[in-house]
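The values are calculated or read from the model by the stated rules, or taken from the named source; none is laboratory data. Given the structure is predicted, the values throughout are model-derived calculations rather than measurements. Cβ coordinates were reconstructed from backbone atoms using ideal geometry, including for glycine residues, and neighbour counts include every protein chain displayed.
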Amino acid sequence: MTALSGDTVYRVHWTLGTDLLVGVCHCGASHESEDPVELWEWLLAHPEGHS
């Protein structure tokens, strides 16, 4: 399997044993949430300001 890379690659990790999701932007910024909709809204809005 090849790892994805690029300016629009986002990752969502589930924290084992919890309801916590961690979203990671391609720039390395991360955000935690139990709500998947909130997490994706953050991920999709976060690139604003990237150069």
Identify the single condition in (1) at pLDDT 85 or above; (2) exposed (fewer than 13 other Cβ atoms within 10 Å of the Cβ) that Thr2 does not satisfy, given that it satisfies every other one.
(1)
May I ask you to list pairs of residues, at least six apart or on different chains, whose Cβ atoms are under 8 Å apart, with the first in the stretch 8-20 being charged (D, E, K, R) and the second being at pLDDT 90 or above and in a loop (DSSP other than H, G, I, E, B)?
Asp19/Glu34
If I ask for residues that are outside any strand (DSSP E or B), closer than 11 Å to His46 by Cβ and either at pLDDT 90 or above or in contact with an Asp or Glu (Cβ under 8 Å, 6 or more places away or on another chain) (or both), which ones from the stretch 8-36 would you list?
His26
